[in-house]
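See below for the structure under consideration.
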């Protein structure tokens, strides 16, 4: 199609053939680049979504570990308080 248009415009057929080849080559390259960009954008979006999901999961896990740690510390303090109270009571009974 391009070749015929170039020949109609008065360009030598050999030159028109070369120009049309270059045109199609560039058009193919441009379409390939568009295709690659679209695929890259899609893959990048999926990657960003996965990163966000993993980030949220890690935040949740970290929060849960802090809660567990706080509960463990509270439990140990309560146990220690109870032991101190028992010792105080035993000392008071002996006196």
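Between residue 18 and residue 67, the simple spin-label model (points 7 angstrom out along Cα→Cβ) gives 7.4 nm. The stretch 46-95 and the stretch 1-23 have Cα centres lying 79 Å from one another. This structure gives Kirkwood radius over Cα pairs in Å, computed directly, and of [x] 16.2; [y] 14.6; [z] 20.9 that value is listed as [z].
Note on residue 27 and residue 84: their simple-model spin labels are 8.6 nm apart, each label 7 Å out from Cα toward Cβ. In the chain, the DSSP-assigned H stretches of four residues or longer account for a calculated mean residue ellipticity at 222 nm of -35000 deg cm²/dmol, using -39500 (n - 2.57) per stretch and the full residue count as denominator.
Every number here is computed from the coordinates shown, using simple stated rules; none is lab data. Keep in mind the model is a prediction, meaning the values are calculated, not measured. Here Cβ is always computed from backbone atoms with ideal geometry, including for glycine, and neighbour counts include all displayed protein chains.
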